[in-house]
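Below is one structure, written out as structure tokens; comments come after it.
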Amino acid sequence: MRRYHINCNMLGLLFAALTFVACTDEWDNHYSPTTQASQSIWQEIQQNSELSNFARVVQATGYDAALSSSQVFTVFAPTNSAFSSEEADRLIAAYQQEKSRQVRERENSTIKEFVQNHIALYNYSTSSLSNDSIVMMNGKYMVLTPGKLGDMPISSANQIATNGVLFTISKKADYFRNVFEWLRYDTDLDSLANFLYAYNQYEFIPEESVPGGIVDGKTVYLDSVTVLYNSLFYGYNGVGRINSEDSTYWMVAPTNRVWDKLVEEYTPYFNYDNSIDKRDSMQWANTRLAIVKGTVFSRTRNTDQALLDSAVSVNAVEYARRRSYYGSNNLSYFQYLKPFEPGGIFTGTVNTDCSNGMVMKADDWKIDKKQTFFQTIYNEAESRSVMKEVNENNTAPPSFMQVETTNPFYNKVSDNQFAVILPLGATNPEVVYYLKDLLSNADYDIYMVMVPAVAGDTLVAETQRRPCKFRCSYKYADQDGKEVKDSVVMMNGEQAYFTTNPEVVDTVFLGTVRVPTCSYGLVEPTVTLRIASNLTNRERRENTYTQILRIDCIIVKPHEQ
């Protein structure tokens with residue numbers, strides 16, 4: 001996991017040097033103060049009348065102290081012909097206004113987008129063969145050649161100071177926003193930006209900070225280092241490192257109009273019952289994550305050639321891992337076919353190039369919820385986390401069987417394993433399963449996959465090779481968190497009884513269910529399915545059916561309208 005360090009003193013980010021070079025000759029060459037000169041960079045800037053406007057901004061923001069220190073910099077200062085007094089006044093006013101609002105120094109727009117955009121750590125100089133990619137203090141990459149910094153013409157070069165090198169440029173360095181920054185800059189994307197930025201956190205790192213002594217029993221730090229961390233940049237629920245300058249991403253970004261529409265549509269799906277801790281914040285966050293997940297695409301994985309076929313978001317799971325994530329290799333979420341063709345997710349967007357990729361503003365949303373969060377769910381019957389309990393009065397402890405490679409049903413049963421639910425004597429066994437991650441107020445079709453007896457033993461007795469007859473019922477939590485009594489599965493106004501085909505792996509449709517409260521992401525789901533064998537005494541005597549339940553999995557699938 002990569003984190004970004006921010007130095008709160010001297011504004012020089014000394015610690016950043018540690019992330020780029022080790023203790024080598026290269027460190028000495030780039031970081032050691034220059035001995036051939038007698039004045040600091042700040043003194044050189046002050047004495048150059050053509051840099052007076054730049055100097056005023058540097059001094060107003062406190063960077064004159066940094067440029068007077070022993071820390072080594074390369075400064076690319078715009079001349080007055082490229083940077084006017086009026087522009088300097090506006091930047092100083094903006095700095096002071098943001099400072100009064102207690103905006104962090106590192107995030108102050110004047111510092112980040114102007115001052116640090118013209119200063120790099122270390123010594124850099126040019127020669128006739130120079131062609132270096134350098135990192136400015138704000139993390140932006142620029143190419144330094146003999147005549148230019150990026151597209152800025154160099155007026156004078158290689159002016160040596162005691163603490164670095166001074167260049168002058170005849171064009172102000174424009175700030176090139178990355179994907180994360182652009183979201184906040186574009187007022188059409190306020191809602192998305194506010195959600196993502198809400199997850200910014202700053203953590204103090206004492207072991208990387210420089211202590212300055214003890215005051216009133218507490219350590220005072222001369223050089224405080226904090227970590228800028230946003231949890232949404234990482235993990236399966238994240239959006240990728242869209243603030244990273246050394247990666248390239250495309251992001252399909254919903255406008256405020258689309259965002260509001262989707263929030264209204266998705267909020268009812270995440271209605272947790274009142275007994276769930278922090279249920280309101282969970283509903284708020286998961287509703288918005290449902291919009292954001294699946295919208296960011298790494299260009300490393302999505303080459304131009306690959307995008308002709310499909311766009312694979314950072315949340316997509318590789319084919320080899322889909323079974324462990326989704327229960328089936330055939331499920332592919334967060335992946336979109338033919339994204340540039342009519343109806344594709346990249347069509348109709350307004351695109352803006354950024355320093356690390358592109359923002360694709362979408363006012364016509366083409367990402368279907370069934371391609372992202374509204375998923376088919378496989379509940380494996382043999383999973384201990386899915387099986388809640390058996391009725392100990394009429395049911396033996398459950399057993400689990402493996403389908404052998406020589407069995408004709410090998411690879412026809414999910415994971416080649418299934419659960420066996422046996423009766424205690426002449427009774428009807430019953431088992432209860434959790435139905436995990438169900439959304440509220442959504443229609444799901446429920447299927448149970450039943451396994452023939454011969455899948456576990458090709459020599460099984462004929463009396464067990466009978467159809468299985470069973471009934472089902474559901475339980476779920478109401479809004480107050482109270483468990484609703486068994487809701488029996490009905491067909492045509494009557495209690496439904498289901499019968500399996502004993503010769504095949506049989507997928508039995510149990511009907512459509514909708515629950516009022518959500519169990520999405522809960523450790524212990526609130527929705528359960530009770531399955532009970534249902535034989536009469538006569539059916540048992542006549543061996544018409546078997547009482548044994550052999551269950552492969554329970555499939556919960558979004559209902560097709």
**Dimensions in Å of the stretch 230-293 - Rg and Dmax from alpha carbons** = 14.0, 45
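Could you give the accessible area per residue of the chain, probe 1.4 Å, as a whole number in Å²?
Details: 26290 Å² over 561 residues.
Roughly 47 Å² per residue, with all protein chains present.
If you place +1 on the Cβ of every Lys and Arg and -1 on the Cβ of every Asp and Glu, how big does the dipole about the Cα centre of the chain come out, in debye to the nearest 20?
Values: 51 positive and 65 negative charges, 202 e Å.
Here the size comes out at about 960 debye.
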**Message:** Quick check: the angle from helix 279-292's long axis to the longest principal axis of the chain, C-alpha only, nearest 10 degrees?
**Reply:** 70
**Fill in**
proj_area_mean for the chain (convex hull on C-alpha atoms), units nm², value 35.7
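Taking the highest mean first, how do the peptides 70-81, 152-163 order by number of other beta carbon atoms within 10 angstrom per residue?
Working: 70-81: 20.8, 152-163: 18.1.
My ranking of the peptides, most packed first, is 70-81, 152-163.
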**Prompt:** Can you give the charge dipole size of the stretch 345-504 about its Cα centre, rounded to the nearest 20 debye, using +1 on the beta carbon of Lys and Arg and -1 on the beta carbon of Asp and Glu?
**Reply:** 120
**Prompt:** Asn200 versus Glu389, label points 7 Å from Cα toward the beta carbon: distance in nm?
**Reply:** 5.0
**Asked** When you take every Cα atom in the stretch 66-164, what is the radius of gyration, and what is Dmax, the widest Cα pair distance, in Å?
**Response** 14.6, 47
**Request:** State the percentage of accessible surface on the chain attributable to carbon and sulfur atoms; use a 1.4 Å probe and exclude ligands, DNA and RNA.
**Result:** 48
**Request:** Show that you can apply the helix-only estimate: for the chain, add -39,500 (n - 2.57) for every DSSP H stretch of four or more residues, divide by all residues, and state [θ] at 222 nm to the nearest 500.
**Result:** -5000 deg cm²/dmol
**Asked** Given the protein chains as shown and a 1.4 Å probe, how many square angstrom of Val504 are accessible, to the nearest 10?
**Response** 60
**Message:** Out of all DSSP beta bridges in the chain, what portion is antiparallel? Express it as a percent rounded to 5.
**Reply:** 85
**Request:** Please grab the % of Cα pairs in the stretch 231-364 that end up more than 25 Å from each other.
**Result:** 32
**Message:** Given the whole protein assembly as supplied and a 1.4 Å probe, what does the accessible area of Trp250 come to in Å², nearest 10?
**Reply:** 40
**Request:** Quick one: grab Rg to one decimal and Dmax as a whole number for the stretch 356-434, Cα atoms only, in Å.
**Result:** 21.0, 69
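Where does the stretch 426-561 land on Rg/Rh, using Cα atoms and the Kirkwood Rh? Mind showing how you got there, number by number?
On the way: Rg = 16.1 Å, Rh = 16.0 Å.
Answer for the stretch 426-561: 1.01.
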**Asked** Given H placed 1.01 Å from N in the peptide plane, which residues other than close sequence neighbours of Gln417 have an amide H under 5 Å from its amide H?
**Response** Val403
**Request:** Can you tell me the 0 to 90 degree angle between the C-alpha axis of helix 256-266 and the longest principal axis of the chain, rounded to 10?
**Result:** 20
**Request:** Mind checking the stretch 492-544 for chymotrypsin sites (Phe, Trp or Tyr not before Pro) that DSSP puts in a loop (not H, G, I, E or B) and that have at most 16 other Cβ atoms within 10 Å?
**Result:** Tyr497
**Request:** Take the stretch 495-538, drop everything but the C-alpha atoms, weight them equally and run the Debye formula without solvent; then report log10 I(q)/I(0) at 0.33 Å⁻¹ to two decimals.
**Result:** -1.31
**Prompt:** Given the stretch 73-222, what percent of its DSSP beta bridges are antiparallel, to the nearest 5?
**Reply:** 75
**Crossing angle, helix 85-100 versus the chain [Cα axis fit, 0-90 degrees, rounded to tens]** = 50
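The values are calculated or read from the model by the stated rules, or taken from the named source; none is laboratory data. Fair warning: this is a prediction, and the values are worked out from it, not measured in the lab. As a convention, Cβ positions derive from the backbone with ideal geometry for all residues, glycine included, and neighbour counts pool all protein chains shown. These area figures cover heavy atoms from the full protein model, side chains too; ligands, DNA and RNA do not enter into them. Shrake-Rupley method; radii C 1.70, N 1.55, O 1.52, S 1.80 Å.
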